[in-house]
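Asker: My questions will all concern the structure given below.
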2 protein chains.
Amino acid sequence: MRLALLGGTGDIGEGLALRFGFHTNHDVVIGSRDPDKAHDAAEAYTDELNEQGVDTKITGFENEMAADRGEIVFLCVPPYHVADTVAVAADRLSSDDIIVTPAAGVKRDEDGFHYHPPSAGSVTALVADAAPDSVPVIGAFHNLAAGRLTNLDADLGIDTLLIGDDTTAKETIGDLAEDIDGLRALDAGGVANAAEVESLTPLLITVAQQNEDLHDLGVTFD
Amino acid sequence: MRLALLGGTGDIGEGLALRFGFHTNHDVVIGSRDPDKAHDAAEAYTDELNEQGVDTKITGFENEMAADRGEIVFLCVPPYHVADTVAVAADRLSSDDIIVTPAAGVKRDEDGFHYHPPSAGSVTALVADAAPDSVPVIGAFHNLAAGRLTNLDADLGIDTLLIGDDTTAKETIGDLAEDIDGLRALDAGGVANAAEVESLTPLLITVAQQNEDLHDLGVTFD
């Protein structure tokens, strides 16, 4: 499949690009508001993968063009940019495409990191509201430390939780997630259940901060 | 240490009583609003442990008397009973005691299970507000499936998250948790971070519901 990582020049975009490039044969396209940055990032990820012995080429485009090329369109942007990014991509999406949202609302105050959902109740709900009705929206890949994804020598051995109301699309994204070695996809319900999944992101940050020798944490359900 | 499990006739109380009885030498006291129920439960847990070859005796009392006997007082009651239970216990607690709260606010609607905190922001915060200022409050043992705790043949191999503002008390409860084989205690911050920990409870229920072959789930951070 063709995967478009909008905002793919950031940490989570880099992590997903490298992991999809390393473990799978899917085509990866990097999107950015700035096409030069998209191109530079795509080149850097390609170099990294080639050095790892993977013969692949990642390409980079402005977000709208990347969305046009993608069948699975990832919103690798902070929560306050997801609605804008969906708006840019919307005309380029068809009902065969799937939007994937990995973002979680996190705020920091003097007591540390907290879940801070948008008024829609969750980022997944915000994206579902903003997306064209015909395009399914799946929340996934939330709780993956970018530092662990980008270190291709690191085994993952962690779970990712899938959120969405379209069962077929959710299965597609679950299969895609499990194309990455060491990643297990678990169904975590519909969009109405997204807040509990997104809440894991600040919790993982806090647990990593509070416990020595725990870094780049993931979570496993057993 | 002497552990008092107020509301210890319920699922999580049974699970903790059996696990502390099985793996540790701590004295376990069951509390209930009804002293006969406390006594009957204590007798049943004692029988179960004796059958497992553990020579121990768990005792049962009305909640107030159980709190008086406990150094570590667990509120094994639903969120809407924690304030009442603290009020019953308050006069029996000293500054050397520690209150432990494992409850999480969960509501169920047509979309499944959701985190539903009390107006204090979390059950841990509610308990901290209700408890005497001199008695530290630690949130812990939230995300443990009662069915897994009560099955003493089941290996745990899961984590429990500690929440609280009193570092010394938090360490004491962490050490106590790790006296149970297969349970690792991780610091998850102060009372202000409790909501993210308590949110795991509905998430675990949802993930167990949505995925075949996953039952009595726990969580591991790695």
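Asker: Per q in 0.10, 0.13, 0.20, 0.23 1/Å, what log10 I(q)/I(0) does a Debye calculation on the alpha-carbon atoms of region A:1-95 return?
Answerer: Log10 I(q)/I(0), no solvent term: -0.21, -0.36, -0.83, -1.08.
Asker: Under the rule of at least 5 residues apart or a separate chain, name every residue whose amide H is placed under 5 Å from the amide H of residue B:160.
Answerer: Excluding prolines and chain starts, which carry no amide H, the hits are B:184, B:185, B:186.
Asker: Given the -39500 (n - 2.57) contribution per DSSP H run of 4+ residues, what per-residue ellipticity at 222 nm results for chain B, rounded to the nearest 500 deg cm²/dmol?
Answerer: On the way: 9 runs with 89 residues, N = 222.
After summing the helix terms and dividing by residue count, I get -11500 deg cm²/dmol.
Asker: Select from B:4, B:117, B:60 the residue farthest towards the positive end of the dipole of chain B; place +1 on Cβ of Lys and Arg, -1 on Cβ of Asp and Glu, and compute about the Cα centre.
Answerer: Farthest towards the positive pole: B:117.
Asker: From the label point of residue A:178, set 7 Å from Cα along Cα→Cβ, how far away are the matching label points in the other copies, in nm, ordered shortest to longest?
Answerer: 3.5
Asker: Could I ask something else about it? List the residues whose amide H sits under 5 Å from the amide H of residue A:60, counting only those 5 or more places along or on another chain, with H placed 1.01 Å from N in the peptide plane.
Answerer: Excluding prolines and chain starts, which carry no amide H, the hits are A:30.
Asker: Roughly how many Å is it from the Cα centre of region B:59-101 to that of region A:46-99, as a whole number?
Answerer: The distance from the Cα centre of region B:59-101 to that of region A:46-99 comes to 54 Å.
Asker: May I pose another question? First check a/c for region B:92-222, with a ≥ b ≥ c the square roots of the eigenvalues of its C-alpha gyration tensor; if it is under 1.5, answer rounded, and if not, answer prolate when a/b is larger than b/c or oblate otherwise.
Answerer: Oblate, since a/c reaches 1.5 and b/c is not below a/b.
Asker: Still on this structure, please answer the following. Compute the relative contact order of region B:2-210 as a whole-number percentage, counting only Cα pairs closer than 8 Å that sit 6 or more residues apart in sequence. Please report the intermediate quantities before stating the final value.
Answerer: Values: 461 pairs, mean separation 39.7, N = 209.
Over region B:2-210, the number comes to 19 percent.
Asker: Enter the Cα centre distance for the pair region A:114-140 and region A:145-222, rounded to the nearest angstrom.
Answerer: 17
Asker: Whole-Hz Karplus ³J(HN,Hα) for region B:3-15, in order, using 6.51 cos²θ - 1.76 cosθ + 1.60 and θ = phi - 60°, x for Gly and Pro?
Answerer: Residue by residue, region B:3-15 yields 10, 9, 9, 6, x, x, 8, x, 4, 6, x, 4, x Hz.
Asker: What dipole magnitude, in Debye to the nearest 20, does region B:2-210 give about its Cα centre under +1 on Lys/Arg Cβ and -1 on Asp/Glu Cβ? Present the calculation step by step, with values, prior to reporting the outcome.
Answerer: Numbers: 12 positive and 37 negative charges, 59 e Å.
Dipole about the Cα centre, nearest 20: 280 debye.
Asker: Which lysines, on any chain, are close to residue B:170 with Cα under 30 Å apart, when same-chain ones fewer than 8 places away are left out?
Answerer: In chain and number order, the partners are A:107, B:57, B:107.
Asker: Can you list the HN-Hα couplings for region A:147-158, worked out from phi with the Karplus curve (6.51, -1.76, 1.60; θ = phi - 60°), rounded to whole Hz and with x for Gly and Pro?
Answerer: With the stated coefficients, region A:147-158 comes to x, 7, 5, 6, 8, 5, 7, 7, 5, 7, x, 9 Hz.
Asker: Next question. Please compute the contact order of region A:1-106 in relative form: average sequence separation of alpha-carbon pairs under 8 Å and at least six residues apart, divided by the residue count, as a percent. Show your work: numbers first, answer last.
Answerer: Numbers: 219 pairs, mean separation 31.9, N = 106.
Relative contact order for region A:1-106 comes out at 30 percent.
Asker: Ordered by residue, what ³J(HN,Hα) values in Hz, to whole numbers, does region A:113-129 give under the Karplus form 6.51 cos²θ - 1.76 cosθ + 1.60, where θ = phi - 60° and Gly and Pro are x?
Answerer: Those phi angles translate into 9, 9, 6, 9, x, x, 5, 5, x, 6, 5, 4, 5, 4, 5, 4, 5 Hz.
Asker: Any idea what log10 I(q)/I(0) is at q = 0.11 Å⁻¹ for the protein assembly as shown, Debye with uniform C-alpha scatterers and no solvent?
Answerer: Cα-only, vacuum Debye calculation for the protein assembly as shown: -0.83.
Asker: Work from the charge dipole of chain A (Cβ charges, +1 for Lys and Arg, -1 for Asp and Glu, about the Cα centre) and give the residue of A:80, A:197, A:31 farthest towards its positive end.
Answerer: About the Cα centre, the residue reaching furthest to the positive side is A:80.
Asker: Share of antiparallel DSSP beta bridges in chain A, in percent to the nearest 5? Could you put the intermediate results ahead of the total?
Answerer: Numbers: 5 of 29 bridges.
About 15 percent, rounded to the nearest 5.
Asker: Could I ask something else about it? Quick one: work out the % antiparallel among DSSP beta bridges in the protein assembly as shown, nearest 5.
Answerer: On the way: 13 of 61 bridges.
Roughly 20 percent of the DSSP beta bridges within the protein assembly as shown come out antiparallel.
Asker: Starting with the fewest neighbours, write out B:34, A:165 ranked by other beta-carbon atoms found within 10 Å of each beta-carbon. Before the final figure, lay out the partial values.
Answerer: Working: B:34 13, A:165 16.
Ascending number of Cβ neighbours within 10 Å: B:34, A:165.
Asker: Give me the net charge for the shell around residue A:197: Cβ to Cβ below 13 angstrom, other residues only, Lys and Arg +1, Asp and Glu -1. Numbers along the way, then the final one.
Answerer: Values: positive: A:170; negative: A:159, A:187, A:196, A:198, B:196.
Net local charge, residue A:197 excluded: -4.
Asker: Please arrange B:168, B:85 by how many other C-beta atoms lie within 10 Å of their C-beta, fewest to most. Before the final figure, lay out the partial values.
Answerer: On the way: B:168 9, B:85 26.
With the sparsest Cβ surroundings first, the list reads B:168, B:85.
Asker: Hey, another quick one. Based on other C-beta atoms within 10 Å, arrange B:178, B:212 from fewest to most. It would help to have the intermediate numbers written out before the result.
Answerer: Numbers: B:178 14, B:212 7.
Ranking B:178, B:212 by Cβ neighbours within 10 Å, fewest first, gives B:212, B:178.
Asker: Based on Cβ point charges of +1 for Lys and Arg and -1 for Asp and Glu, what charge dipole magnitude is obtained for the protein assembly as shown about its Cα centre, in debye rounded to the nearest 20? Write down the numbers at each step before the final one.
Answerer: Values: 24 positive and 82 negative charges, 127 e Å.
The calculation lands at about 620 debye.
Asker: Still on this structure, please answer the following. Please state the Cα pair-distance histogram of region A:2-210 with 10 angstrom bins from zero: what percent is in each bin?
Answerer: 9, 37, 38, 14, 1
Asker: What is the sum of charges, Lys and Arg at +1 and Asp and Glu at -1, for the other residues whose Cβ falls under 13 Å from the Cβ of residue B:61?
Answerer: With Lys, Arg at +1 and Asp, Glu at -1, the neighbours total -3.
Asker: Also: Let me check I've understood the local charge: for residue A:168, count other residues with C-beta under 12 angstrom from its C-beta, Lys and Arg +1, Asp and Glu -1. What total comes out? Intermediate values should be presented prior to the final figure.
Answerer: Details: positive: A:170; negative: A:96, A:165, A:166, A:171, A:175.
Within the 12 Å Cβ shell, the charges total -4.
Asker: Which of A:93, A:144, A:50 sits closest to the plus end of the dipole of region A:2-210, meaning its Cα is farthest towards the positive end, when Lys and Arg get +1 and Asp and Glu get -1 on the C-beta?
Answerer: Comparing the listed Cα positions along the dipole, A:144 ranks first.
Every number here is computed from the coordinates shown, using simple stated rules; none is lab data. What you see is a predicted model, and the numbers here were worked out from it, not measured in a lab. Heads up, the Cβs are rebuilt from the backbone with ideal geometry, glycines too, and the neighbour counts pull from every protein chain shown.
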